[in-house]
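Notes follow once the structure below has been shown.
The values are calculated or read from the model by the stated rules, or taken from the named source; none is laboratory data. Treat the numbers as computed from the prediction; the structure is a model and nothing was measured. Don't worry about glycine lacking a Cβ; one is built from the backbone with ideal geometry, like all the others, and counts go over all protein chains shown.
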Amino acid sequence: MKIRKVVIPVAGWGTRSLPATKNIPKEMLPVYNKPGVQYVVEEAIRSGIQDIVFITNRDKNVIEDHFDYNLQLEGVLERAGKLEQLAQIRQVAELANCISIRQKKQLGLGHAVLCAKDVVCADDAFAIMVGDDLLFGMNPGVQQLLDVARSERLPVIGVMEVPQEKVNRYGIISGEEVSPGIYRVNKLVEKPPVSEAPSRLAIIGRYVLTPEIFGHLEKVQPGHGGEIQLTDALQGQADGRGLLAVKIRGMRFDVGDWAEYLTANIYFALQDEELRYDLIGHLKPLLPWA
Ligand code: G1P
């Protein structure tokens, strides 16, 4: 199973992060010293994926620009002898091949994925990564799905257990655990009421799918929130050839949630040895009870 491409939908309005996202795409909000979307692209690259397919809208050009050269800024840094920063910004431009597709109407995650059909339909399989979910661990999140998709020759989605009171924020699955942490999915519900969730296993924004999904997406009717839901199309996949879910190991931050976004900033800043002790020094007086 060859996988070269990842679809990253970035056309959402970012309403959870307003007013910060009034004119800045939510994917460009910094998490420590990089925009959030860069962590997602880096996870894809570390998983061996080279081509990034952004599903964008008219206000998101700045995302493509971030992954391109900025010759003017490079010139400024070069003349100023700021060679470390120069290397840093060039390296971002050289991370990946980027392809952009406009989602002209925001009709949901399923619709965004359908926009990529012509670009990925000739591939054996492709990944989807939702930019709100930043995952960290020894093994990149999407790599954990790729390993299972390759060995089982089935589409795979990433899940994590969430507290009962938060199930209504996610697609929730139920299934039979066929080996530790791997489930054969039989039911998926998008954002169920807390009392109706079939489990606490929530879909985290990582998927490895085959072009079969497009047939299911073309058939689904608008679902939760009146949107074309990827989760509903995945039910067709589960009922047909089959679908696996893998419990992702690692840490996850939902950067559309302010508490998690701010925690992610602190987490990454703490990894930077030059900043760590300074940051702890600034935080301590804010947490006198800790
Ligand atoms: C989307 C999916 C949902 C999934 C979530 C993960 O929802 O529709 O099934 O649990 O991503 O982040 P969204 O957060 O885009 O509303």
Within region 142-185, which residues are in contact with a helix residue (DSSP H, G or I) (Cβ under 7 Å, 6 or more places away or on another chain) and among the acidic types (Asp, Glu)? 165
Members of region 137-166 found to be over 30 Å from residue 196 (Cα atoms), surrounded by fewer than 17 Cβ atoms within 10 Å (Cβ to Cβ) and in contact (Cβ under 8 Å) with a residue 40 or more places away in the chain, listed by number: 137, 138, 139, 150, 153
Of (1) within 15 Å of the ligand (Cβ to nearest atom); (2) closer than 21 Å to residue 15 by Cα, residue 262 satisfies all except one. Which? (1)
Matching helices (runs of 4 or more DSSP H) fully within region 75-154 where at least 2 residues are closer than 24 Å to residue 56 by Cβ and more than 14 Å from the ligand (Cβ to nearest atom): 83-93, 117-120
If I go through region 183-205 residue by residue, how many of them are more than 9 Å from the ligand (Cβ to nearest atom), touching a residue at least 60 places away in the same chain (Cβ under 8 Å) and not hydrophobic (A, V, I, L, M, F, W, C)? 2
Selection within region 26-47 - surrounded by 14 or more Cβ atoms within 10 Å (Cβ to Cβ), out of contact with any Gly (no Cβ under 7 Å at 6 or more places or on another chain) and farther than 14 Å from residue 92 by Cα: 31, 32, 47
Which of (1) without any contact (Cβ under 8 Å) to a residue 12 or more places away in the chain; (2) surrounded by 16 or more Cβ atoms within 10 Å (Cβ to Cβ); (3) of a type in the set (Lys, Arg) is the odd one out, the single condition residue 252 does not satisfy? (1)
Scan region 43-57 and give yes if some residue there is over 13 Å from the mean Cα position of the chain (by Cα) and free of Cβ contacts under 8 Å to residues at least 40 places away in the same chain, otherwise no. no
Considering only region 167-182, state which residues are among the charged types (D, E, K, R) and in contact (Cβ under 8 Å) with a residue 12 or more places away in the chain. 169
When you go through 232, 239 one by one, which is the residue that is more than 15 Å from the ligand (Cβ to nearest atom) and either of a type in the set (A, V, I, L, M) or modelled with pLDDT of 95 or more (or both)? 239
Could you tell me whether any residue of region 166-173 is within 24 Å of residue 28 (Cα to Cα), assigned to a helix (DSSP H, G or I) and within 16 Å of the ligand (Cβ to nearest atom)? yes
Log entry, pairs with first residue in region 83-111 being free of Cβ contacts under 8 Å to residues at least 60 places away in the same chain, second being more than 16 Å from the ligand (Cβ to nearest atom) and among the aromatic types (Phe, Trp, Tyr), beta carbons closer than 6 Å, six or more apart or on different chains, reads 93/69; 98/67
